[in-house]
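Here is the structure we will look at.
Here, each number is a calculation from the coordinates, and none is a lab measurement. These numbers come from a predicted model, not from an experiment. Quick reminder, even Gly has a Cβ in these numbers, built from the backbone with ideal geometry, and neighbours come from all protein chains shown.
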Amino acid sequence: MDTMSNTELPVHIIELRGVTKTFPGDGGGFTALRGVDLRVPRGEFVAVVGRSGSGKSTLLNLVAGIDRPSAGEVLVAGTPVQALDESRLAAWRGRNVGVVFQFFQLLPTLSVLENVMLPMDFCGTLPPRRARARAMELLDQVGIADQARKLPSALSGGQQQRAAIARALANDPPLLVADEPTGNLDSDTAEAMLDLLASTTRSGRTVLMVTHERDVTRVAHRLVTLADGRIVQPPAQPMRREGGSHA
Amino acid sequence: MPSPRWTKLARDVWAERGRVLLMVAAVTVSLVGIGSVLGAYAVLGREIQRNYLGTRPASATLDIAGGIDAALVAEVRRHPLVGEAEARQVVLARTRVGDDWRRTLLFVIDDFADLRLNLFRPERGAWPPPEGTMLLERSAVPMLKAGPGRSVLVKTPHGEPQEVEVSGLVHDPGLAPAWQEQSGYAYVTRATLARLGEAPLLSELRIELAGRPLDPRTVETRAAEVARWLEGRGHPVHEIRVPPPGQHPHQRQMTTILLMMLVFAAMALLLSAILVANSLASMLARQVREIGVMKTIGARAGQIGRLYFALVGLLGVASVLLAIPVGVLGSRAFTGEISRMLNFTIGSSAIPGWVFGAQLVAGALVPLLVAAVPIRRASRTTVRQALDDHGVSADRLRARLASLPSPLRNPLRRPGRLALTVGLLSAGGAMFMTAIDVKGGWQANAAKVYETRSYDVEVLLQEPQPDALAQGLRRLAGVREVESWGYSPAAFSRLGQIDVVRTYPDRGHGSLVVMAPPPRTALVRFPLKAGRWLAPGDGDAVVLNHMALAQAPWLRVGDPVTLSLEGRPTTWRLAGVVEEIGSAGVAYVTDEAFARATGTQGRARMLRIAISATSPAARTLAIRAIDRALGEAGGRVEAVTPLAMLRTAVGDHVEVLIRSLAALAAILAIVGSLGLVSTMGVSVVERTRELGIMKTLGARPARIARMLVGEGAAIGLASWFLAFALSLPLTLLVDGVIGNLGFLAPLPLVISPSAAAGWLLIVAVVSSAATLLPARRAARLVIREALVRT
């Protein structure tokens, strides 16, 4: 895999400098983020919280290269994301960012195993046989190896989200972003899912998660609270001390 | 092991198998059209060489009075401009068929063992025909209701009717089929001709020019040079007949028909490619979130594009594989029909490889090119756009559409797709209506045979006969009117030069005659295209029919016209041009002027007779009575042609074309209908969530079903109006092509109400069928299922 090794990575895996995002629309449009500065060190589990419309998902989308800032800079793993064209962005994202969605977004016609193999296929990280072995390994890690051959529709919500996490980890990206990954799960499953995400930071991976969960402080190293497109809580406030290195 | 992305593609194809089959069906159907036409074109092109050119058609026929002997033929063969020569004779005889006499061309052959030009081959029975027997051209068998071993009664111009045994059949690919020309073809020796009462002379010198030139002017110039050389040696040449070099009498028709078919088939392919693009765009629209997810996990636009290009390529290849065998069958059917029209024997039906190559290229490339637009668009969608897509949404609905009724408003939410669907259906409908309208135009033209002529039978005598003959016929029961007309074969001539006519050995195609009706004739009334009709007292006025004008297209009303009548030059002035459907070239002059020019005062060679009987059976009986009376009066008859026979000949010439047009119209109609099925299916799937909401709000399943069926009907109705509007210029275009092909004049524009109503019915059925199934599915949808769909 040619993702950046930990030694090659900058200290701050995420760095946002004066980021503003305005969506065009009637009456001058809607500004979701206003001059946001944020630095997230390697291995940190950051939870982004805030009310609906506060700009949480926009922030996550900018970090994942799903959206582009109207002003400012977004550096992820040292790469200025806004400078990449769509095609290079996709290739870059495939190797450097794992994305977990609220509604899992597994491809319905592929088995769970094939869903996990797909990022490796697109990015050409491993030949099919090795990709399959790695996918099985990841599914084992997330605890659903026995469901590998099933279609996503045959799995429970929690199992689907586990599969989605395994898929996000397929290319061993240094950054995992998750948009309300527990929003569609019952509370027990949500707890387990948060633990699973937290466990991925042990190997130095960074997790940026948008959530409404109140108990997130149990697993997150810090909380970033957004209100009206601005960070209202100091960005560097340690919450959890186990695992990961953070500045 | 297959990579996951290709596994996804395979499973998507399976999941969308109905739509994929629809796309394959549409492309296959149009490829079958292309394969059939191209295959037929290739085979016929090859078989024309083998059949017609294989007969060594004479470059020219020189008419030499006084006969041609073997010594003269040998001398002509040594002429430096001549490659080959043979003497023949063609006698216009009559054959008894039941109670009627049928026109029969007797081809007189000097030596069946030494045929040099206009070759024909024995098919069955004797070769050469024993004295007193004849060989029949195979296409004449149904015309003369005779075959090997049977005898028929034959009457030549100067002989008495005699029983002649048919001793065999031949195939003469140089002749148009007998059934089309309503004429029998028979082959006899000189000895048999003598037995039939004719002088056993050969007066036609058929020559093949050295080097076989194919340029008509070169052929005419060199043939004229040979003719002058012959005249210099004491053999006067009355006329030179030059058929279009290297061309079968019906070759132009065949080429035009096939080219037109090809254009329509290509149109069908383009439409089906648009259908593929349309269906694919719908499929992509439903997969847009999946595309977004794939891009999120690292798929580049190119990788996604390749997936869908591969899908379209596979569809194309599958269509080609299905279309090739059916196309081969279609090509054989086409080839069979057209070879029958050309009186060909297809030696080999093998379709050359390039036809399959062309099908492969067309089937694989055209859908790819057309589908490139939606594929490019979908694969370049940004992740955010893709993930934000929720199917068809309200913001797509423009405010100004809000006031429209629901069946119109909903389809307009996807204006691009609506345009494609309506376009597909309209094109199919326009073609369908055009085919039927053109058929109507052809029938209207064929009906002009009756509308412009009030006689029932035309009698051509061998010599001009005194008017007493006509007087006698007037007294016959059932005869309403008899007019005596002057008649003479003719040619446009140039003073001091030998007449050149552009006619085939069957003397029908490209011939010219002068007819001289009484100035106030009540038996014909042809529509004027220029100038005026004949008036009593006209001295030198001549009126040409449009077929004659086509032989001398430089002539304008008022111009002098030099016509050679039986070899004698006469000068006239062009007074007018008429349209005459169902006739060869005719120059009309008044009977008085004709009699003066030919010295036939008080005598006429042609009688046109109107019969009071109205039923076909009574008319036939009356015609037979006329024929008998003529025989008893000693009037030597060359031909008796009931008007109905002319009508049949006109009707049969391009029946194959009309049938082919209808077949292609059916193909387009199928493709158009598949388009509607596809659109309606997609429309329902896209709005599943919305339909779920409607049900939540209390909409009953029946109401949802009614709404969807109403939308299908609205699309169908819109396409019908457009199809009708499109069919008008298209019909005019095809009328022009086919009319000029068959009659040298465009067909009249006929707008068939039954075609319009028929298509409306088809559209109604197709719209209902296309919407009922998805509508039923939508109506039965459980609300929870509908709402969870994104």
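Quick look at the values:
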{"quantity": "Summed residue charge, Cβ within 10 Å of residue A:191's Cβ, Lys/Arg positive, Asp/Glu negative", "calculated": "-4"}
{"quantity": "Computed [θ] at 222 nm, helices only, for the protein assembly as shown once each DSSP H run of length n ≥ 4 contributes -39500 (n - 2.57)", "calculated": "-15500 deg cm²/dmol"}
{"quantity": "The range A:34-96 versus the range B:314-374: alpha-carbon centroid distance in Å", "calculated": "55 Å"}
{"quantity": "Low-density loop positions, trypsin sites (Lys or Arg not before Pro), the range B:61-125 - DSSP coil, at most 13 other Cβ in 10 Å", "calculated": "B:78"}
{"quantity": "Coordinate range along principal axes, alpha carbons of the range A:12-231, Å, largest first", "calculated": "50, 37, 35"}
{"quantity": "Residue B:160-residue B:225 pseudo-label distance in nm [points 7 Å out on the Cα-to-Cβ vector]", "calculated": "5.1 nm"}
{"quantity": "Cross-link table B:448/B:529; A:21/A:56; B:145/B:439; A:150/B:295, entries beyond 21 Å C-alpha to C-alpha", "calculated": "B:145/B:439; A:150/B:295"}
{"quantity": "J(HN,Hα) series, the range B:124-140, from Karplus relation 6.51 cos²θ - 1.76 cosθ + 1.60, nearest Hz, glycine and proline x", "calculated": "8, x, 6, 7, x, x, x, 4, x, 10, 9, 9, 9, 5, 4, 6, 8"}
{"quantity": "Cα-based Rg of the protein assembly as shown normalised by 2.2 N^0.38 Å, two decimals", "calculated": "1.37"}
{"quantity": "Estimated Rh, the range B:223-358: Kirkwood, alpha-carbon pairs, angstrom", "calculated": "20.7 Å"}
{"quantity": "Two-site label geometry, residue B:463 and residue B:662: point separation in nm, points 7 Å out along Cα→Cβ", "calculated": "5.0 nm"}
{"quantity": "Potential extension, residue B:306-residue B:617 segment - 0.36 nm per residue separation minus Cα distance", "calculated": "104.8 nm"}
{"quantity": "Rounded to 10°, Cα long-axis angle of helix A:86-96 versus longest principal axis of chain A", "calculated": "70 degrees"}
{"quantity": "The range B:106-150-the range B:600-617 distance, computed between alpha-carbon centres (Å)", "calculated": "33 Å"}
{"quantity": "Theoretical FRET efficiency, 1/(1+(r/R0)^6), r = Cβ-Cβ of residue B:733 and residue B:251, R0 22 Å, to 0.05", "calculated": "0.50"}
{"quantity": "Residue (of B:9, B:271, B:558) at the positive-pole extreme of chain B, dipole from beta-carbon charges", "calculated": "B:9"}
{"quantity": "Relative contact order %, chain B, counting alpha carbon pairs below 8 Å whose residues are six or more apart", "calculated": "17 percent"}
{"quantity": "Neighbour count of at most 12 Cβ within 10 Å plus DSSP loop: longest GluC sites (Glu not before Pro)-free window in chain A", "calculated": "A:9-241"}
{"quantity": "Charge dipole (the range A:179-228, unit charges on Cβ, about Cα centre) - positive-most of A:204, A:227, A:182", "calculated": "A:204"}
{"quantity": "Mean-position separation - Cα centroids, the range B:741-775 and the range B:183-206, in angstrom", "calculated": "53 Å"}
{"quantity": "Net dipole in debye of the range A:12-231 [+1 Lys, Arg Cβ; -1 Asp, Glu Cβ; about Cα centre; nearest 20]", "calculated": "460 debye"}
{"quantity": "Gain upon complete extension [residue B:419, residue B:725; 0.36 nm per residue less C-alpha separation]", "calculated": "108.6 nm"}
{"quantity": "Volume per residue that the Cα convex hull of the range B:59-241 spans, once the total is divided by residue count, Å³", "calculated": "112 Å³"}
{"quantity": "Antiparallel bridges, percent of DSSP beta bridges restricted to the protein assembly as shown (to nearest 5)", "calculated": "70 percent"}
{"quantity": "Dipole magnitude of the range B:452-649, debye to nearest 20 (Cβ charges: Lys/Arg +1, Asp/Glu -1, about Cα centre)", "calculated": "260 debye"}
{"quantity": "Radius of gyration and maximum dimension Dmax of the range B:452-649, Cα, Å", "calculated": "16.5, 52"}
{"quantity": "The range A:12-231, relative contact order [Cα under 8 Å, separation at least 6], %", "calculated": "30 percent"}
{"quantity": "DSSP-defined beta bridges in chain A - what % are antiparallel, rounded to 5", "calculated": "50 percent"}
{"quantity": "Which of B:753, B:717, B:692, positive extreme of dipole for the range B:689-755 (C-beta unit charges)", "calculated": "B:692"}
{"quantity": "Debye log10 I(q)/I(0) for chain B, one point scatterer per Cα, at q = 0.09, 0.11 Å⁻¹", "calculated": "-0.90, -1.16"}
{"quantity": "Per-pair calculated FRET efficiency, R0 = 51 Å: residue B:754 and residue A:141 via Cβ, rounded to 0.05", "calculated": "0.10"}
{"quantity": "Two-site FRET efficiency, residue B:266 against residue B:365, from Cβ-Cβ distance with R₀ of 22 Å, rounded to 0.05", "calculated": "0.95"}
{"quantity": "Chain B, dipole about Cα centre (Lys/Arg Cβ +1, Asp/Glu Cβ -1), debye to the nearest 20", "calculated": "4920 debye"}
{"quantity": "Separation of the residue B:773 and residue B:74 label points, Cα + 7 Å toward Cβ, nm", "calculated": "8.0 nm"}
{"quantity": "Share antiparallel - DSSP beta bridges, the range B:59-241, percent rounded to 5", "calculated": "75 percent"}
{"quantity": "Residue range of chain B that is longest and free of GluC sites (Glu not before Pro) which are both DSSP loop and sparsely packed (at most 15 other C-beta within 10 Å)", "calculated": "B:132-565"}
{"quantity": "Where trypsin sites (Lys or Arg not before Pro) in DSSP loops with at most 13 other Cβ within 10 Å are excluded, longest remaining stretch of chain A", "calculated": "A:52-148"}
{"quantity": "Cut-off 19 Å (backbone N to label point 7 Å along Cα→Cβ of residue B:354), residues of the range B:36-54", "calculated": "B:36-51"}
{"quantity": "Chain lengthening between residue B:233 and residue B:14 when straightened (0.36 nm per residue, less Cα-Cα)", "calculated": "70.4 nm"}
